[in-house]
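Asker: Handing you a structure now.
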Amino acid sequence: MPRTVIAVSCAFLLVGTLFVLPTPSLGGDPIMSADEIAYQLAPGKGLAITADQPTSVNLPTVTFEFNSFQLTSHAEMQLDEVGKALNMPAFQNSKFVITGHTDAVGSESYNQRLSQQRAESAVDYLVTRQGLDRGRLSAVGWGESQLLPGVPADSSANRRVEVLNIGKGP
């Protein structure tokens with residue numbers, strides 16, 4: 001018998017306080033919250049590291065179908081959280097590089113072009129759906145040059161996006 005999975009967001013009221021339970025993700029990895037993303041992108045992450053060092057967050061939930069730069073619905077849910085994080089006051093003057101990655105199936109030149117399209121797709125989504133200023137975002141494709149360690153080169157896990165905080169803009 002086939003199974004149907006239904007994602008449900010729950011809310012309840014207890015003594016005048018509204019509690020909202022998170023919607024379960026529909027993909028394999030849970031959606032990272034805006035607060036979790038902000039923590040990863042914060043300069044120094046609370047450690048004794050200078051703010052000049054770029055920080056990044058790998059987003060395994062911003063994925064793409066094989067041979068495509070079309071965002072999946074799961075990817076859009078994650079980018080909504082990215083947009084919330086990048087719109088936080090702490091990042092108001094920060095600039096970010098959105099990087100796209102591919103698996104190692106196909107030629108290097110094709111994968112380079114596809115990864116650039118993936119990065120641009122994520123940037124376009126953040127600008128149009130989350131209202132981010134395009135001037136704060138750059139799209140960079142890495143092709144298959146930065147495969148995940150310990151992950152097979154042809155794995156779909158390599159088809160992902162990463163956000164890099166490069167610091168304050170002018």
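What follows draws every value from the coordinates through simple rules; no lab data is involved. Quick caveat, the model's predicted, so the values are computed rather than measured. FYI the Cβ positions are ideal-geometry reconstructions off the backbone, even for glycines, and counts take in every protein chain you see.
Asker: Along Cα→Cβ, 7 Å out, is where each label goes; now give me the distance between the ones at residue 130 and residue 76 in nm to one decimal.
Answerer: 1.5
Asker: Applying a 10 Å radius around every beta-carbon, put 141-151, 73-83 in order of their mean neighbour count, most first.
Answerer: Listed from highest to lowest mean packing, they are 73-83, 141-151.
Asker: Sort 128-138, 98-108 by the packing proxy (mean of other Cβ within 10 Å over each peptide's residues), most packed first.
Answerer: 98-108, 128-138
Asker: How far apart, in nm, are the 7 Å Cα→Cβ label points at residue 67 and residue 93?
Answerer: 4.8
Asker: To continue, here is another question. Calculate the dipole size of the range 31-170 relative to its Cα centre from +1 charges on Lys and Arg beta carbons and -1 charges on Asp and Glu beta carbons; express the result in debye to the nearest 20.
Answerer: Value, rounded to 20: 380 debye.
Asker: Label points 7 Å out from Cα along the Cβ direction at residue 155 and residue 107: separation in nm?
Answerer: So the two model labels end up 2.8 nm from each other.
Asker: Quick one: work out the % antiparallel among DSSP beta bridges in the range 29-170, nearest 5.
Answerer: In the range 29-170, DSSP labels about 70 percent of beta bridges as antiparallel.
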